[in-house]
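The values are calculated or read from the model by the stated rules, or taken from the named source; none is laboratory data. Please read these numbers as outputs of a predicted model, since none were measured by experiment. So basically every Cβ, Gly included, is an ideal-geometry build from the backbone, and we count neighbours across all protein chains shown.
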Amino acid sequence: MARKMLIDGELNKSNEEEAHYDFDLFVIGAGSGGVRAARFSAQYGAKVGICELPFHPISSEELGGVGGTCVIRGCVPKKILVYGASFGPELEDARKYGWELNEKINFNWKNLLHKKTEEIIRLNGIYKRLLSNAGVKLYEGEGKVVGPNEVEVTQLDGTKLCYSAKHILIATGSRSHRLDIPGQELAITSDEALSLDELPKHAVILGGGYIAVEFASIWRGMGAMVDLCFRKELPLRGFDDEMRAVVARNLEGRGINMHPGTTLTKLVKTAEGIKVLTDHGEEIVADVVLFATGRLPNTKRLNLEAVGVELDKTGAIKVDEYSCTNIPSIWAVGDVTNRVNLTPVALMEGTCFSKTVFGQQHSKPDYNCVPCAVFCIPPLSVVGLSEEQAREQAEGDILIFTSTFNPMKNTISGRQEKTIMKLVVDAETDKVLGASMCGPDAPEIIQGIAIALKCGATKAQFDSTVGIHPSAAEEFVTMRTVTRRIPKAKTNL
Ligand code: NDP
């Protein structure tokens, strides 16, 4: 997009004109991207305001809260539940390690829920303090854009505040999306799933993405019966096919009923629970039905069309490589732009925005080698190209190295669950193009591998790195034999 950005220090407005604005920057949305951009901009000397709806720790009706989705109803509470769910199977494994757990061990969902809520309240407070310590003025209310340099904040009591700002940053994230089928009101989304009054006895989950497989693992780990329905043959479309198959096998191995090639057609309330009908004519009765069918950008109530901010067909804000919209004074970062929808990416985009606009350093977010993890149990983590992406994109032959092994811990516990690792290597340059792992601690291991890939490491450099023994991670530096060689794609000939 070739358009003029409004960057401080570049467009030399006179001091009188500068003084005309209430703020140098007003941010709508205090999630990961918004808080990062607000704080960093303030640290560069900008006068910054930010608005966000107040956080209600119990109700899932109000979707606000400083900290945003990640902290309030996403990554953080989810990870707490993943930890909680992991103890059940771990305790089973512990018996083989000599632990005599004679008494029946009970899981108390309400206890964990209470602890989780306490932690979220604590983090919400920390985020507020981060803002105030940076000198950012927080307004608790819903923001909308009323002009290229004007925002309106509606507080809970209905009072409307209007402010002018030289720059407006939209960082309103995304929200859960509900499938439009009869009885859809009986289903919940991840917002409610994180705060259910009771642990489900039997849950049906629709979707095969991050949220679906993570909640399947959480609820199954806590002892619930789980049916996972997804429309492809394997869950986690977009990830390496071999890894997807391993995830599917592991979920099944842990007792989740897998329904590939399946979607839901109707939900009916019955005396026994929610009757779930699938497109294969199956009927499952469950007490909880979770829709995990993706999220949509939060642009609806921002009044963007009125000021001419361009949206794409999904409703996401269109931005250039510096996160600037088609209106030079309006910018957007994070899920609301639907680029790479991950918290650390929103942080990167927020940082680059601040540097570009207030730090006198033009900075573009770099989407190369963004690692990510799916916190199913055991987790999957990847960085760089999958085997399928390498087949499509690579200029020459590709070498695939894989290692599948029984983690040492399982030798004693007897758990039948293999760890798999994969490296995708350019045959000509020896550069490692992608790495993936499904197994315990995969995200912790892949984070380090991501640094190597970002530095352009070659397979020879992996091989010359001394391993840590005994660990699973050492397999990444001891994969000597090529599993298969994939010739240059025909389209590249
Ligand atoms: P995803 O985009 O990951 O997955 C959506 C799933 O819903 C896919 O399996 C998709 O199937 C399926 N689906 C979509 N529409 C329909 C439909 N009409 N009928 C049946 N199935 C449908 O979304 P999630 O909701 O799981 O997560 C949202 C986003 O949140 C993720 O993209 C990710 O960015 C972020 N997130 C990240 C996490 C992490 O980093 N660990 C954790 C949780 C969320 P198909 O593949 O066939 O299209």
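Residues that are closer than 20 Å to residue 263 by Cα and in a helix (DSSP H, G or I) do occur in segment 203-210. Within segment 228-245, if we keep just the residues that are acidic (Asp, Glu) and outside any helix (DSSP H, G or I), the residue that is farthest from residue 404 (Cα to Cα) turns out to be 233. Conditions: (1) closer than 20 Å to residue 244 by Cα; (2) modelled with pLDDT of 95 or more. Residue 408 meets all but one. Number of the miss? That leaves (1) as the condition not met.
Residues considered: 411, 429. Of these, the only one that is among the hydroxyl-bearing types (Ser, Thr, Tyr), touching a residue at least 24 places away in the same chain (Cβ under 8 Å) and outside any strand (DSSP E or B) is 429.
Listed here are the strands (runs of 3 or more DSSP E) enclosed by segment 246-323 that have at least 2 residues being away from the ligand (no atom under 16 Å from the Cβ), modelled with pLDDT under 95 and touching a strand residue (DSSP E or B) at 6+ places or on another chain (Cβ under 7 Å), and there are none.
Residue pairs whose Cβ atoms lie under 7 Å apart, sitting 6 or more positions apart in sequence or on different chains, and linking a residue in segment 154-178 that is more than 14 Å from residue 48 (Cα to Cα) and assigned to a strand (DSSP E or B) to a partner that is among the polar types (S, T, N, Q) and modelled with pLDDT of 95 or more, are 160/154; 174/298; 174/341; 175/298; 176/189; 176/190.
Evaluation of residue 369 against the conditions (1) farther than 22 Å from residue 443 by Cα; (2) part of a loop (DSSP other than H, G, I, E, B) shows that the sole unmet condition is (1). Just one of (1) within 16 Å of the ligand (Cβ to nearest atom); (2) part of a helix (DSSP H, G or I); (3) crowded, with 18+ Cβ neighbours inside 10 Å fails for residue 127. It is (1).
Report the residue count in segment 174-196 for those that are within 15 Å of the ligand (Cβ to nearest atom) and in contact with a strand residue (DSSP E or B) (Cβ under 8 Å, 6 or more places away or on another chain).
From segment 174-196, those within 15 Å of the ligand (Cβ to nearest atom) are 174-184, 187-194; that's our starting set.
Next, from what is left, pick out any that are in contact with a strand residue (DSSP E or B) (Cβ under 8 Å, 6 or more places away or on another chain): 174-179, 181-184, 187-191, 193.
The qualifying residues number 16.
Looking only at residues of segment 300-350 that are touching a Gly at 6+ places or on another chain (Cβ under 7 Å) and buried (at least 23 other Cβ atoms within 10 Å of the Cβ), we find that the one that is farthest from residue 369 (Cα to Cα) is 336.
Looking for whichever is farther than 26 Å from residue 214 by Cβ and among the aliphatic types (A, V, I, L, M) here; the options are 377, 412. Which one fits? Outline the logic, then answer.
Numbers: 377 fails: farther than 26 Å from residue 214 by Cβ.
Every option except 412 fails the conditions.
Residue 340 - would you say it is more than 24 Å from residue 154 (Cβ to Cβ) and either touching a residue at least 40 places away in the same chain (Cβ under 8 Å) or assigned to a strand (DSSP E or B) (or both)? No, not satisfied. Look at segment 364-387: where a residue is closer than 18 Å to residue 419 by Cβ and a partner is among the hydroxyl-bearing types (Ser, Thr, Tyr) and away from the ligand (no atom under 14 Å from the Cβ), sitting 6+ places away or on another chain with Cβ atoms under 8 Å, you get 377/86; 378/419; 380/436; 381/436; 382/436; 383/436; 386/436. The condition of being hydroxyl-bearing (Ser, Thr, Tyr), within 15 Å of the ligand (Cβ to nearest atom), touching a helix residue (DSSP H, G or I) at 6+ places or on another chain (Cβ under 7 Å) and within 27 Å of residue 79 (Cβ to Cβ) holds for residue 381.
Of all residues in segment 69-124 being of a type in the set (Gly, Ala, Ser) and assigned to a helix (DSSP H, G or I), which is farthest from residue 175 (Cα to Cα)? Here the answer is 94. Of the residues making up segment 206-227, those that are near the ligand (Cβ under 10 Å from one of its atoms), within 17 Å of residue 278 (Cα to Cα) and among the hydrophobic types (A, V, I, L, M, F, W, C) are 206, 212.
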